[in-house]
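Here is the structure we will look at, set down as structure tokens.
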Amino acid sequence: MTTFAKYLVIFINMTAMRTKLLIMAALLGFCLTAGAGNVTKSYDLTFNGIEVSNKFDIQLIKADTHSVTIEVDSEYAPYLSVTTEAGILKVRFKKLPVKMQIMKDAFKMTIRTPMVNFIDLSGACKLTCTDEFSLGMNNFRATISGACTVNTLKINTVDASLRVTGNSRVFIDGEFSDFEAKIEGASRLTFNGRASDFDAEVVASSELNVTGILPDVNVAVRGASKAEFAGQGGEFDAEVGGASRLRAEEFPVVNAKVEVKGASSVTVDASESLKADISGASNCKYRDRAGLRLNPAVSGGGSFKTL
């Protein structure tokens, strides 16, 4: 074989090898692309409460049986933890690498359950529910934090307690004997319904919006926060301070007792008696009604006058 022929054979072999490598690389790329995307995981667990952290878009559905379905990116799937503990469904990611801890999009989750009497959400979760849960004598507890949104919880129960914090938003409807809420950290709670005994604390630039029938209200609004009541009440006791605002002129009550301080403002509508302690450049305005007994104490530049 001549020298030219030898080099020609070598060139042909190299070209064939390079072509094979290109084909293998293309096939590998296709396999990697085909393996990317979301996977769906289903769980058959029994629970009466939920605790979810990280970024999930949750659909809560009332059903006769329990089930959980999660659609998650295949890259995150190995880190997903779904367990139950003391009747609580717990969903989270464990040992996520640092580069994966900031999630661009929320993963979808569907939860079906006959009952839910405990909810703990954190980490920018969003929960949506269109069903109504009647819990009977079971209490309801919820903690919503970390810029989460709940829209809308429909609960009927004897006793309910909520804590909403960290720029979260919660909408809740229902009937309660005792309802207690703390709203803080630039959060907002919207309540619509009935509660025999309604207690709320609104602090740190937060907001409370209430529409309902509430025979007994005790509310504290502080730290540049605001609260607004509409509907009908009986006994109304309010403490407002720290440049906060309480509007209750569309919430007629029988007796009202208000303490207003720190450049705050209150509007109120009472039919029988109104006791007001006003100080520090604050003001209280009231609806003038025939037979209304007034007991004001005004100091430090405060004002007390009719609407």
Quiz item: Restricting the search to the range 104-127, which residues are of a type in the set (D, E, K, R) and either in contact with a helix residue (DSSP H, G or I) (Cβ under 6 Å, 6 or more places away or on another chain) or assigned to a strand (DSSP E or B) (or both)?
Solution: K108, R112, D120, K126
Exercise. Could you list, in sequence order, all residues of the range 125-137 that are surrounded by fewer than 20 Cβ atoms within 10 Å (Cβ to Cβ) and either farther than 23 Å from D178 by Cβ or touching a residue at least 24 places away in the same chain (Cβ under 8 Å) (or both)?
Key: K126, T128, T130, D131, E132
Practice problem: Quick one: which residue in T190, T211 is under 16 Å from the mean Cα position of the chain (by Cα) and not charged (D, E, K, R)? | Solution: T190
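If we keep just the residues of the range 107-131 that are of a type in the set (D, E, K, R) and under 23 Å from D159 (Cβ atoms), which is nearest to the chain's Cα centre (by Cα)?
Looking at the filtered set, the residue picked out is D120.
Scan the range 128-156 for residues that are part of a loop (DSSP other than H, G, I, E, B) and more than 20 Å from R112 (Cβ to Cβ) and jot them down.
M137, N139, S145, G146, A147, C148
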Quiz item: Given T165, T157, which one is under 24 Å from A238 (Cα atoms), at pLDDT 95 or above and in the same structural domain as G242 (by TED's automatic domain parsing)?
Solution: T165
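If I ask for residues that are assigned to a strand (DSSP E or B) and either without any contact (Cβ under 8 Å) to a residue 12 or more places away in the chain or of a type in the set (D, E) (or both), which ones from the range 178-194 would you list?
First, the residues of the range 178-194 that are assigned to a strand (DSSP E or B): 178-183, 188-194.
Of everything in the range 178-194, those that are assigned to a strand (DSSP E or B) and either without any contact (Cβ under 8 Å) to a residue 12 or more places away in the chain or of a type in the set (D, E) (or both) turn out to be D178, E180.
The values are calculated or read from the model by the stated rules, or taken from the named source; none is laboratory data. The structure presented is a predicted model; accordingly, all values stated were derived computationally and were not measured. A quick note on method: Cβ atoms are made from the backbone with ideal geometry, for glycine too, and the neighbour counts reach across all protein chains shown.
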